[in-house]
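First comes the structure, then the notes that go with it.
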Amino acid sequence: MEKFSNLKGLVAPLDRANVDTDAIIPKQFLKSINRSGFGKNLFDEWRYLDNGEPEMDITKRKPNPDFVLNQARYQGAEILLTRTNFGCGSSREHAVWALQDYGFRVIIAPSFADIFFNNSFKVGLLSIVLSVSIVDRMFQEVYESEGYSLEVNLDCQTVTTSGGESYAFDIDPFRKSNLLNGLDEIGLTLQHMDLIKAFEEKHRINQPWLFK
Amino acid sequence: MQTLYEKLWKSHVVQEKADDLALLYIDRHLVHEVTSPQAFEGLRIAGRRPWRLDSVLAVADHNVPTTERAYGINDPISRLQVDTLDRNCEELGITEFKMDDVRQGIVHVIGPEQGATLPGMTVVCGDSHTSTHGAFACLAFGIGTSEVEHVLATQCLSIKKAKEMQILVDGTLGRGVTAKDVALAIIGEIGTAGGTGYAVEFSGSTVRALSMEGRMTLCNMAIEAGARAGMIAVDDITIEYISERPFAPKGDLWEKATAYWRTLRSDDGVIFDKVINLDAAQIKPQVTWGTSPEMVITVDGRVPDPAQTIDSVKRKDMERALEYMGLTPNTSICEIYLDKIFIGSCTNSRIEDLRAAAQVVEGKYIATNIKLAMVVPGSGLVKLQAEQEGLDKIFRDAGFEWREPGCSMCLAMNDDYLLPKERCASTSNRNFEGRQGPAGRTHLVSPAMAAAAAIAGHFVDVREVL
C-alpha cells in the first residue's frame, strides 16, 4: 500500500444518502481480473447516458452533463463529499479501487457502511466521518464557492477549510499507522506467525472436526 | 455471562490489540470467482502460499450461465474470470466445485448444504451475504479482496469488535408470511444503516420456529440492515440440518462437536447494546417500492408520498427513487404490474423457497403481461431435489423457466438481466438502481409473493390466494 500523505484537494459534492457499491461500480465491470482501470467506470450509470460495458472506448461514450463529476468546476477533485451510509451493499473492493483510480484520495461523509469503510483503509483511501451538521455546512460551501478545497492532515487528524476552520476526525490508531507508513498488513500479521501456529494447535485440540 | 457473539469472538482471538481490535483466526474461507483473482495474484506477486488449504472451498457462481451448461460461457470476459478461478484452485490445490459439478451453486447455499459451514466457526467470503452462515451460530461476515488475500496468506484477520444488537421476534407468523417478510419488516423499521457497527443476534419464538432455510434468509438480509454479521443460536433444528452432511463430523467427533455446539447461545439475562422487538403476528407480506431495501411497505399499503417527509435529504432520495421506479405516490401496491419474475438468489433459492413458490403456482399459469418468469435453484443439489419432488414440472406447467444454479438475475452478471424500465418481482436482496440491469426496476418480495405476482401479473396479497 502507498503511504498516505497530507493533501489539499478540490472537493466534489455527491448529494445523496445510501450510495451503494453497485452505483459506485456496476457489476459488469467486476468481471475484470485486474486491480486497476476501474476509474473510467466510476458511477457509470449516473455518469454516462449510454449503457456501459467493459472494454468500451470511453471517448465514444455520452457523458451525462447533469452528473456532478462531469461539471467543469469539479474536474481534478481529490475529495468526495457525500451523505450518510456511503458504500452500502456489496462488499466489492472494486468500489474503492474505482474511486482511487478516478483520483479520489479522501471521502468525507457523516457515516459509512462497515465493509466499504474497512476496505478503504486496506488500500490507502481515507474515509473520514464528520458530523451531519459539518457535512451540511461543507455542502453549502462547496456549492457556493467554485474551487472549494479542503486540507486533510492525517497526522493531526484534521480537516481544514480555506477559511481556516479546522475539524477533528477520529481514526483507529492501527489504521492510521498503516496509512501513514504504507504498511503491508499481511507482512505485519506474518510477523506473528508463531502466535497463529500456537493458536491453531490449541484450536485443533479443542475442535478437531474443523481440521481435515 | 456472555452473548453468542462474545463466545464466538473469544474462541478465535489469536492476539488482542488495542481499541477492541484483535487478530481473529478464520476457520472457513469461501471463495468465488469475482472477488478472488486479484487476491490470488497478490499472493503470487509476494511469493506467498495459502496458510491452510483445507479451510478453503471455492465455487464459481456470479458469472455462470443458467442455461445449458454444456455450451460453456459465451461472454469471453466472464469466461476468463471463471477460468482464472479454476486455474488458481488447480495450481494451489484448493477444493472447487466446478461448473459441471452437481454440487456447484451459490456459495452461500452450498456451504451449509455441504456441511462446510459448522456452528462455532468463523466464516468469511469476499461477498457481503456471508452473513447468511450466521444462521448456524457462526461468526460470518463479508470481506473485500485485500482481506481475501490476507486470510489466504495468514488464516487470520484484524477485526474490530462490533457492538451487539438483539432482534427479538416473538409470536406466530401468519399464513403466507415468511422469513423474507420478517427480514424486510426489520429493515423497514431500523433502516439500511440501522445495524451498522453491530453484530446482530436474531432470537425469540418466531426465529426458533423457523427452519434452517428461513434462518438463512433472515441472516442473509442482516447486511441489508447494515450489520456485517447476523447470527442465531444452535438448537435441535440446527443440529438436525447438519447431520450426515458431507463435510460434517461423523462418529465420535460428531458427539463431541454437538456437545460443544449446544453451548453456542447467548446466556440468559445477558445485556445487549441494543434490543429491537417485533411482534410476528403484526408482520404482513412486504414489498419494496424504492431503490433501497428500507423503502418497503406491506402488500396492502400504498406507495408513500415524499411530500409527507420533513427531512429534505430523505425526501430527495424518495423523489429520486420514485422517478427511477416509475411510480406515483399513493398507488396501491396491488396495482403495480410486472414484466419479469425472478425466484432465486442466496436469499431465497433453497428447497423450502421453491416449495413455497410451487404451492402458489400449481395448476395455474403466468399472466399474459409477464415476459419472463424464471426459477434459478441455489445449487445443483437443490435443483435435483426439487426435480425429485416434481417441482420443476409444476413450474414449467405454469409457464416458468427452470434454470441451472447460480446468482443469476440477483445481480445480473451473466445473461439474465432486466431491460431498461422492466419491472421485476424478485426474491433477491437488493433493489438498488441498476442492480438487475441498467434502469431495471426491482421489487423485493418473498418467493410466495413473487409466485402469486407471476400468476396475477401484478402484486397480490398471497394470503388471499393460498
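The values are calculated or read from the model by the stated rules, or taken from the named source; none is laboratory data. Source: prediction; values computed, not measured. Note that each Cβ is placed from the backbone with ideal geometry, even for glycine, and that neighbours are counted across all protein chains shown. Just so you know, the surface numbers come from the protein's heavy atoms only, side chains and all, with ligands and any DNA or RNA stripped out. Shrake-Rupley method; radii C 1.70, N 1.55, O 1.52, S 1.80 Å.
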Residue in region B:179-198 that is of a type in the set (Ser, Thr, Tyr), open to solvent by 10 Å² or more (accessible area, probe 1.4 Å) and more than 21 Å from the chain's Cα centre (by Cα) present: no
Failed item in (1) part of a strand (DSSP E or B); (2) out of contact with any Pro (no Cβ under 8 Å at 6 or more places or on another chain), with residue A:91 passing the rest: (1)
Some residue of region B:405-415 being more than 14 Å from chain A (Cβ to nearest Cβ), over 23 Å from residue B:459 (Cα atoms) and under 19 Å from the mean Cα position of the chain (by Cα): yes
Residues of region B:304-339 classified as crowded, with 18+ Cβ neighbours inside 10 Å, in contact with a Lys or Arg (Cβ under 6 Å, 6 or more places away or on another chain) and not in a helix (DSSP H, G or I), total: 2
Cross-chain or 6+ apart pairs with Cβ under 8 Å, region B:74-96 first and without any contact (Cβ under 8 Å) to a residue 60 or more places away in the chain and within 12 Å of chain A (Cβ to nearest Cβ), then assigned to a loop (DSSP other than H, G, I, E, B) and surrounded by fewer than 17 Cβ atoms within 10 Å (Cβ to Cβ): B:77/A:54; B:77/A:55; B:79/B:72
Test for residue B:149: is it part of a helix (DSSP H, G or I), modelled with pLDDT of 95 or more and acidic (Asp, Glu): yes
Residue in region B:424-466 that is surrounded by the fewest Cβ atoms within 10 Å (Cβ to Cβ), counting only those that are within 14 Å of another protein chain (Cβ to nearest Cβ) and charged (D, E, K, R): B:433
The listed residue being more than 27 Å from the chain's Cα centre (by Cα), open to solvent by less than 10 Å² (accessible area, probe 1.4 Å) and in contact (Cβ under 8 Å) with a residue 12 or more places away in the chain, out of B:24, B:43: B:43
Checking residue A:186 against (1) touching a strand residue (DSSP E or B) at 6+ places or on another chain (Cβ under 7 Å); (2) modelled with pLDDT of 95 or more; (3) at negative phi, the condition it does not meet: (1)
Residue that is nearest to the other protein chains (Cβ to nearest Cβ), among those in region B:197-222 that are of a type in the set (Gly, Ala, Ser) and closer than 22 Å to residue B:296 by Cα: B:222
Lone unmet requirement of (1) part of a loop (DSSP other than H, G, I, E, B); (2) at the interface with chain A (Cβ under 10 Å from one of its Cβ atoms) for residue B:40: (1)
Residue count for region A:154-181, restricted to those that are more than 7 Å from chain B (Cβ to nearest Cβ), open to solvent by 20 Å² or more (accessible area, probe 1.4 Å) and not charged (D, E, K, R): 14
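Does residue B:166 qualify as being out of contact with any helix residue (DSSP H, G or I) (no Cβ under 8 Å at 6 or more places or on another chain) and polar (S, T, N, Q)?
Details: out of contact with any helix residue (DSSP H, G or I) (no Cβ under 8 Å at 6 or more places or on another chain): yes; polar (S, T, N, Q): yes.
Here the answer is yes, as residue B:166 does meet what is asked.
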Residues of region B:238-284 classified as part of a helix (DSSP H, G or I) and either of a type in the set (Gly, Ala, Ser) or modelled with pLDDT under 95 (or both), total: 5
Condition met for residue B:162 (within 28 Å of residue B:16 (Cβ to Cβ), among the hydrophobic types (A, V, I, L, M, F, W, C) and surrounded by 17 or more Cβ atoms within 10 Å (Cβ to Cβ)): yes
Which numbered condition residue B:115 misses (of (1) touching a Leu at 6+ places or on another chain (Cβ under 9 Å); (2) at positive phi): (1)
Residue in region B:116-136 that is within 13 Å of chain A (Cβ to nearest Cβ), touching a Pro at 6+ places or on another chain (Cβ under 7 Å) and in a loop (DSSP other than H, G, I, E, B) present: no
Residue match in region B:349-356 (condition: on the phi > 0 side of the Ramachandran plot and open to solvent by 10 Å² or more (accessible area, probe 1.4 Å)): no
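Give the residues of region B:393-408 that are touching a Lys or Arg at 6+ places or on another chain (Cβ under 8 Å) and either under 17 Å from residue B:288 (Cβ atoms) or surrounded by fewer than 23 Cβ atoms within 10 Å (Cβ to Cβ) (or both), sorted by residue number.
Those that are touching a Lys or Arg at 6+ places or on another chain (Cβ under 8 Å) and either under 17 Å from residue B:288 (Cβ atoms) or surrounded by fewer than 23 Cβ atoms within 10 Å (Cβ to Cβ) (or both): B:398, B:402, B:404.
Looking for whichever is in contact (Cβ under 8 Å) with a residue 12 or more places away in the chain and surrounded by fewer than 19 Cβ atoms within 10 Å (Cβ to Cβ) here; the options are B:241, B:260. Which one fits?
Numbers: B:241 fails: surrounded by fewer than 19 Cβ atoms within 10 Å (Cβ to Cβ).
Answer to the selection: B:260.
Those residues that are closer than 26 Å to residue A:184 by Cβ, within 14 Å of the chain's Cα centre (by Cα) and not small (Gly, Ala, Ser), I need them from region B:125-173; list them, please. I'd like the intermediate steps shown before the answer.
Of all residues in region B:125-173, those closer than 26 Å to residue A:184 by Cβ come to B:125-128, B:130, B:139, B:141-162.
Next, only the ones that are within 14 Å of the chain's Cα centre (by Cα) stay: B:125-128, B:130, B:141-142.
Within region B:125-173, B:125, B:127, B:130, B:141 qualify.
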